[in-house]
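To keep things clear, I will list the structure first and then write my remarks on it.
The values are calculated or read from the model by the stated rules, or taken from the named source; none is laboratory data. What you are looking at is a predicted structure, and each value in this text was computed from that prediction instead of being measured. Methodologically, a virtual Cβ is constructed for each residue, glycine included, from the backbone with ideal geometry; neighbour enumeration extends over all protein chains shown.
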Amino acid sequence: MLATIEKQSNRHVATFKRTLTHSVDAVWAVLTNNESLQKWMSNLEIIDLRKNGKIHFNMNDGTGTFEEITITDYAEKEVLEFDWGTDTVRFELSSTDDGSLLVVVETLQELTEHTPKDLAGWHICLNQLTDFLSGTIHEEFPMKEWQKCFTNYKQLVIKTEKI
């Protein structure tokens with residue numbers, strides 16, 4: 001299911017929702033344990049897990065180059081929010097009767113040519129997170145699936161811009 005994009009004041013908010021059959025503890029571990037994190041979002045590495053802590057976005061190009069990201073909000077097993085360029089990405093986790101609900105919100109200062117690429121990337125990574133929780137590990141990033149998502153998000157962004 002595609003994320004929703006809504007205009008709010010002078011920005012846009014993209015929201016991804018994943019209903020998971022796994023406990024909050026299990027999902028939180030996959031979000032915050034570097035070994036697990038690498039299985040669904042290989043660029044991210046948590047350095048200091050707390051509010052005002054740090055995450056590295058590793059370029060994974062063999063140079064050791066990374067961008068430092070600030071954790072802007074944190075509540076253990078509930079919220080992990082961090083800067084994403086000029087935007088923010090927020091993971092919210094809550095219990096349900098059957099497991100947990102993961103809501104990922106990207107607050108976009110502006111819609112750009114890059115926005116559909118970014119949204120497609122998060123979409124694929126969240127699919128990989130869900131698969132990892134269920135025991136499936138993807139050895140390579142699924143570019144064909146990403147391309148399909150990118151096309152869908154490009155159309156969604158165009159539609160959103162017209163509103």
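Restricting attention to the range 126-133, does a residue exist that is under 23 Å from Gln8 (Cβ atoms) and in contact (Cβ under 8 Å) with a residue 60 or more places away in the chain?
yes
Could you check Val103 against (1) surrounded by fewer than 16 Cβ atoms within 10 Å (Cβ to Cβ); (2) assigned to a loop (DSSP other than H, G, I, E, B); (3) among the hydrophobic types (A, V, I, L, M, F, W, C) and say which number it fails?
Evaluating Val103 over (1) surrounded by fewer than 16 Cβ atoms within 10 Å (Cβ to Cβ); (2) assigned to a loop (DSSP other than H, G, I, E, B); (3) among the hydrophobic types (A, V, I, L, M, F, W, C) leaves (2) as the failure.
Quick one: in the range 118-148, which of the residues that are in a loop (DSSP other than H, G, I, E, B) and hydroxyl-bearing (Ser, Thr, Tyr) is nearest to Phe16 (Cα to Cα)?
Ser134
Where residues in the range 4-41 are among the hydroxyl-bearing types (Ser, Thr, Tyr) and free of Cβ contacts under 8 Å to residues at least 24 places away in the same chain, which of them is surrounded by the most Cβ atoms within 10 Å (Cβ to Cβ)? Walk me through how you get there before you give the answer.
Initially, the range 4-41 is screened for residues among the hydroxyl-bearing types (Ser, Thr, Tyr), giving 4, 9, 15, 19, 21, 23, 32, 36.
Applying the additional criterion that residues be free of Cβ contacts under 8 Å to residues at least 24 places away in the same chain yields 4, 9.
Working: Thr4: 12, Ser9: 6.
The extreme case among them is Thr4.
State yes or no: is Glu67 closer than 30 Å to Glu161 by Cα, touching a strand residue (DSSP E or B) at 6+ places or on another chain (Cβ under 8 Å), at pLDDT 95 or above and exposed (fewer than 14 other Cβ atoms within 10 Å of the Cβ)?
yes
Name the single residue, out of those in the range 117-148 being touching a helix residue (DSSP H, G or I) at 6+ places or on another chain (Cβ under 8 Å) and of a type in the set (Val, Ile, Thr), that is surrounded by the most Cβ atoms within 10 Å (Cβ to Cβ).
Here the residue is Ile124.
Any chance you could count how many residues in the range 64-89 are hydroxyl-bearing (Ser, Thr, Tyr) and within 20 Å of Trp28 (Cα to Cα)? First the steps, then the outcome.
Filtering the range 64-89 down to residues hydroxyl-bearing (Ser, Thr, Tyr) leaves 65, 70, 72, 74, 86, 88.
Going one step further and asking which of them are within 20 Å of Trp28 (Cα to Cα), we end up with 70, 72, 74, 88.
Counting residues in the range 64-89 that are hydroxyl-bearing (Ser, Thr, Tyr) and within 20 Å of Trp28 (Cα to Cα) gives 4.
List pairs: first residue in the range 68-83 and within 16 Å of Ile47 (Cβ to Cβ), second residue buried (at least 16 other Cβ atoms within 10 Å of the Cβ) and of a type in the set (Phe, Trp, Tyr) anywhere in the structure, Cβ distance under 7 angstrom, at least six positions apart or on different chains.
Ile69/Phe57; Ile69/Phe82; Thr70/Phe82; Ile71/Phe82; Thr72/Phe82; Leu80/Tyr74; Leu80/Phe91
Return the only residue of Leu93, Leu119, Leu126 being over 20 Å from Asn33 (Cα atoms) and either among the basic types (Lys, Arg) or within 13 Å of the chain's Cα centre (by Cα) (or both).
Leu119
Identify all residues within the range 84-100 that are acidic (Asp, Glu), part of a loop (DSSP other than H, G, I, E, B) and free of Cβ contacts under 8 Å to residues at least 40 places away in the same chain; write none if there are none.
Listed by number, the list holds a single entry, Asp97.
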